[in-house]
Amino acid sequence: MKFSIVTPCLNSEKYIEQAINSVLDQEVDAEIQYVVQDGLSTDGTLDILKKYSGRLEWYSENDEFLSHAINLGFNRCSGDIFAWINADDFYEPGAFAAVKKAFKENPDVMWVAGYYRMLDKDDTEFRKLHASYKHFLMRHYSYRLGLIENCFAQPSVFWRREAWEKTGGLDYTSPNRIAFDYEFWLKLGKLGKPAIIKQVCSNFRYYEETISGSQTKALFSGELGYARKEFKQHPLTVSLHYLTWLRNRLLYRGWTL
């Protein structure tokens, strides 16, 4: 088995070394290909990447959007298992071993998803109740449930190369493109249910400077836009996503539990 991991980055000197080491330090009986796709950083990011030349592949070039950068990275990948980790997130030790075990025990599944922690910019865990709620949704996942709400934490999702080829990768052209990860989960969901790893596989940072933190309303509106594409097949289910959108608009900014 070979893992292919992509990290998109732009001016990410504060956190990227932690992300890098969380990939390179994984103890797993498998090959790891690690590609960092930089969008022409002007801070110290490239100096950090140069330190790891020979242990990872890195490229610095213009891209059209975050999802486009991720697609560029995966175009350079040759592994069996794909995932991306953003520059300000990081994996837990043992994550890849758990992913390998899940795929081995579930040879027919096309993707797996693990638990996660949410951290602020100072590495303090918060919104534990929110994470527990997401974990509950994951354990009861169905495609219809996925149309109502985004059930997964992006850095804890892994999929087979075959799934990437069947789905055509990430969307970076739609007006809803800020929610590209959710759109990808919907495409994966059409291939079948994921195997769920009931352990924390990643740490997801949420703070003002991130896309999730700075464009929260646009993110939830983008998810609603992608769900609406399935309205003809699932009208009632997609209508329930509108209630999720309303709840998030009202609560998410001030929710600290």
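The values are calculated or read from the model by the stated rules, or taken from the named source; none is laboratory data. This one's a predicted model, so the numbers in the text were calculated from it and none came from an experiment. All Cβ positions, even for glycine, are placed from backbone atoms using ideal geometry, and neighbour counts span all protein chains on display.
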Looking at Asp181, is it under 21 Å from Glu230 (Cβ atoms), of a type in the set (Asp, Glu) and surrounded by 14 or more Cβ atoms within 10 Å (Cβ to Cβ)? yes
What pairs can you find where one residue is in the stretch 117-133 and farther than 11 Å from Ala153 by Cβ and of a type in the set (A, V, I, L, M, F, W, C), the other is modelled with pLDDT under 90 and in a loop (DSSP other than H, G, I, E, B), and their Cβ atoms are less than 7 Å apart, with a gap of 6+ or different chains? Phe126/Thr256; Leu129/Leu257
Failed item in (1) surrounded by fewer than 20 Cβ atoms within 10 Å (Cβ to Cβ); (2) in contact with a strand residue (DSSP E or B) (Cβ under 6 Å, 6 or more places away or on another chain); (3) aromatic (Phe, Trp, Tyr), with Phe65 passing the rest: (2)
Considering only residues that are within 18 Å of Tyr91 (Cα to Cα) and not in a helix (DSSP H, G or I), which ones fall in the stretch 152-194? Phe152, Ala153, Val157, Phe158, Trp159
Those residues of the stretch 98-138 which are part of a strand (DSSP E or B), touching a helix residue (DSSP H, G or I) at 6+ places or on another chain (Cβ under 7 Å) and of a type in the set (A, V, I, L, M), in sequence order: Val112, Ala113, Met118
Considering Arg55, Arg117, Arg76, which residue is out of contact with any His (no Cβ under 7 Å at 6 or more places or on another chain) and either surrounded by 15 or more Cβ atoms within 10 Å (Cβ to Cβ) or at pLDDT below 95 (or both)? Arg117
Hey, which of the helices (runs of 4 or more DSSP H) in the stretch 1-74, taking only ones fully inside, have at least 2 residues that are without any contact (Cβ under 8 Å) to a residue 24 or more places away in the chain and out of contact with any Cys (no Cβ under 9 Å at 6 or more places or on another chain)? 45-51
Check on Val35, touching a helix residue (DSSP H, G or I) at 6+ places or on another chain (Cβ under 6 Å) and on the phi < 0 side of the Ramachandran plot: yes
Taking the stretch 139-151 and keeping residues loosely packed, with under 15 Cβ neighbours inside 10 Å and either touching a Leu at 6+ places or on another chain (Cβ under 8 Å) or not in a helix (DSSP H, G or I) (or both) leaves His140, Ser142
